[in-house]
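To start, the structure under review is shown below, and the notes come after it.
The values are calculated or read from the model by the stated rules, or taken from the named source; none is laboratory data. All figures in this text were calculated on a predicted structure; none of them were measured in a lab. Virtual Cβ from ideal backbone geometry, glycine too; neighbours counted across all protein chains shown.
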Amino acid sequence: MGLCAFWGAVFLHPAAALLVCLIAIVVIQFLGWAGLASAFPVALLAARRSILAWWNLLRRMRWLLLSVWLILGYGVSGDAVFDLGWMPTHQGVVEATLHVARLGLMLGCLACLFGFLGNQGLLVAMRSLLGPLARLGLATDRLVVRLSLVMENLQVDLPKGSWRCMLDGSGEASGGPETLWIEALQWRLSDYLICVAALVFSWIAISLG
């Protein structure tokens, strides 16, 4: 029995887990301070085996998070901190910190998903969710392979400055398997029920703010 088959026999279908993660990411965008304060302990508990991966994602995104914080901090009108004209506004600091906290929680959801499913599970999940589009003539298998490579690169520590080599084409191409095997798992009633429960919970969370 493969890893994905074991996952499907014990836990959620990989596609259901991915769908729940996407729902959580959408809900996070509507949470305020009270909602985030309640969601962070849950995320820490769910990602207790992926804390290091979560930290690595935060570290890689630190400059983006800082840029977002500065843009929002200086872009929102209001009273300047310490009444200094060159400082961000109080309202901007609150808005920027809230938005960065949301992004950090979203990265925690992704780290938890990567840790639970692994690359093979993500392949199964994406192929299952994109399967209906294949009937419309779209090359979903090719898209799944490209997405899997992106997801895999998110979890790999690249050497410092490697992005310059990628841009000028001087970097060495990393080898990979020429054939990908994807196990087809059947959805169970529990998978549908958990997805519906996640949708209901997300509607309640958005309503409460």
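Scanning segment 61-80 for residues being in a helix (DSSP H, G or I), surrounded by fewer than 15 Cβ atoms within 10 Å (Cβ to Cβ) and of a type outside the set (Ser, Thr, Tyr) gives a total of 7. For the criterion of being surrounded by 20 or more Cβ atoms within 10 Å (Cβ to Cβ), within 27 Å of Leu129 (Cα to Cα) and at pLDDT 90 or above, Trp54 passes.
Only one of Arg142, Arg127, Arg135, Arg146 is crowded, with 16+ Cβ neighbours inside 10 Å, over 16 Å from the mean Cα position of the chain (by Cα) and among the basic types (Lys, Arg). Can you tell me which? Give the derivation first.
Values: Arg142 fails: crowded, with 16+ Cβ neighbours inside 10 Å; Arg135 fails: crowded, with 16+ Cβ neighbours inside 10 Å; Arg146 fails: crowded, with 16+ Cβ neighbours inside 10 Å.
After ruling out the rest, the residue left standing is Arg127.
Listed here are the residues, each with its yes/no results for (1) without any contact (Cβ under 8 Å) to a residue 24 or more places away in the chain; (2) assigned to a helix (DSSP H, G or I); (3) surrounded by 12 or more Cβ atoms within 10 Å (Cβ to Cβ).
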residue	(1), (2), (3)
Phe40	no, yes, yes
Arg49	no, no, no
Trp86	yes, no, no
Gly108	no, yes, yes
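For segment 88-106, a residue qualifies if it is surrounded by fewer than 18 Cβ atoms within 10 Å (Cβ to Cβ) and more than 26 Å from Ile25 (Cβ to Cβ), and exactly one does: His90.
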